[in-house]
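The structure under discussion appears below in the form of structure tokens.
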Amino acid sequence: MIRAFSLIELVFVVAITGILSLAFLHLQNPNPTICIQKLEDFLASMQDEISRAFMHSYLTHKSFDVDQILKTKQFKSTSTCKLTFKNQKIQVQAYNLKTTFSFQVMASNTAPKLSCPLSNSLCKKLNNRLLSK
């Protein structure tokens, strides 16, 4: 009796090998889209929080402090997706792309807005969502 693999067994082995190799390639060359989406969500919620705190301080005639808001917000940073606060600036990194957000005050009776240099590619990607706020 001759023993050999059947065609269906060989097809399954090739299919499983292909799926595992695609998963491995994805881990080796990840897409920064997920990181950018997380950063967009976090920065948008931060802008909302700043606007809410500014309006509260404006209506109650109290002083407004951006640093207090920055201290309460937390972002789960990884080695490839980082967000740090330094000197009232927010430094953002998504893989090899980096930019810095600062607070721009338009008028004394409006909330400060997050802004970054639009010449930066990461800033362009993140700014689309912030401009809609």
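A single entry from Leu126, Leu131 fulfils the requirement of being at pLDDT below 80 and either open to solvent by less than 40 Å² (accessible area, probe 1.4 Å) or at positive phi (or both): Leu126.
For Lys98, the requirement of being of a type outside the set (Asp, Glu), part of a strand (DSSP E or B) and out of contact with any strand residue (DSSP E or B) (no Cβ under 6 Å at 6 or more places or on another chain) is met. Applying a threshold of 7 Å to beta carbon distances and a minimum spacing of six or more residues, or different chains, the list of pairs starting in segment 66-91 at a residue that is farther than 24 Å from Thr110 by Cβ and ending at one that is assigned to a loop (DSSP other than H, G, I, E, B) and small (Gly, Ala, Ser) reads Leu83/Ser77. Taking the listed residues Ala107, Ala111, the one that is assigned to a loop (DSSP other than H, G, I, E, B), exposed (fewer than 14 other Cβ atoms within 10 Å of the Cβ) and of a type outside the set (S, T, N, Q) is Ala107, with no other qualifying.
Of the residues in segment 70-86, at least one is at negative phi and in contact with a Ser or Thr (Cβ under 7 Å, 6 or more places away or on another chain).
Residues of segment 114-129 that are assigned to a strand (DSSP E or B) and over 21 Å from Lys76 (Cα atoms): Ser115 alone. The criterion of at least 1 residues that are open to solvent by less than 60 Å² (accessible area, probe 1.4 Å) and over 27 Å from Leu122 (Cβ atoms) is met, among helices (runs of 4 or more DSSP H) falling completely within segment 6-89, by 7-28, 33-60.
The values are calculated or read from the model by the stated rules, or taken from the named source; none is laboratory data. Being a predicted model, the structure only gives us computed values, none of them experimental. In this analysis, Cβ positions are derived from the backbone assuming ideal geometry, glycine residues included, and neighbour counts consider all displayed protein chains. Please note that ligands, DNA and RNA were not included when accessible areas were found on the heavy atoms of the full protein model with its side chains. Shrake-Rupley method; radii C 1.70, N 1.55, O 1.52, S 1.80 Å.
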